[in-house]
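Student: Next up is a structure, given as structure tokens.
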Amino acid sequence: MSYEKVTQSQAYLVIGTKQTLKAMRHGAAKEVFIADDADRQMTQTVETLAQELGIICSRVDSKKKLGSACGIDVGASAVAVKR
């Protein structure tokens, strides 16, 4: 289900950990997706900030599938859906 939600929101996506954190800090993210197989150190900051800001944080099993759902040829550790 989460991959479908990402695919349907392609026009409103911010892809990558750094860009996701930036969007969250600027109040532009309404939901974030984190890949379970991504480096935990990289995604922990995203998860913690999402909890602090009250942003919905969903986990998916594969960064390769998450990247594919975003329409890119590489994996994505974190993705944000903009407001």
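The values are calculated or read from the model by the stated rules, or taken from the named source; none is laboratory data. Just so it is clear, the model here is predicted, and its values are computed rather than measured. FYI the Cβ positions are ideal-geometry reconstructions off the backbone, even for glycines, and counts take in every protein chain you see.
Matching residues to (1) modelled with pLDDT of 95 or more; (2) not small (Gly, Ala, Ser):
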| position | (1), (2) |
| --- | --- |
| 9 | no, no |
| 15 | yes, yes |
| 29 | yes, no |
| 33 | yes, yes |
| 48 | yes, yes |
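Student: Ok, one more. If residue 10 passes every condition in (1) touching a Cys at 6+ places or on another chain (Cβ under 7 Å); (2) at positive phi but one, which one does it miss?
Tutor: If we test residue 10 against (1) touching a Cys at 6+ places or on another chain (Cβ under 7 Å); (2) at positive phi, just (2) comes out false.
Student: Can you tell me which residues in region 57-75 are surrounded by fewer than 17 Cβ atoms within 10 Å (Cβ to Cβ) and either among the charged types (D, E, K, R) or free of Cβ contacts under 8 Å to residues at least 24 places away in the same chain (or both)?
Tutor: Hits for region 57-75 are 59, 61, 64, 73, 74.
Listed here are the residues, each with its yes/no results for (1) within 12 Å of the chain's Cα centre (by Cα); (2) of a type outside the set (Lys, Arg).
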position: 29; (1), (2): yes, yes
position: 40; (1), (2): no, no
position: 47; (1), (2): yes, yes
position: 50; (1), (2): yes, yes
position: 59; (1), (2): yes, no
position: 77; (1), (2): yes, yes
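Student: How many residues, within region 17-56, are surrounded by fewer than 18 Cβ atoms within 10 Å (Cβ to Cβ) and not acidic (Asp, Glu)?
Tutor: 19
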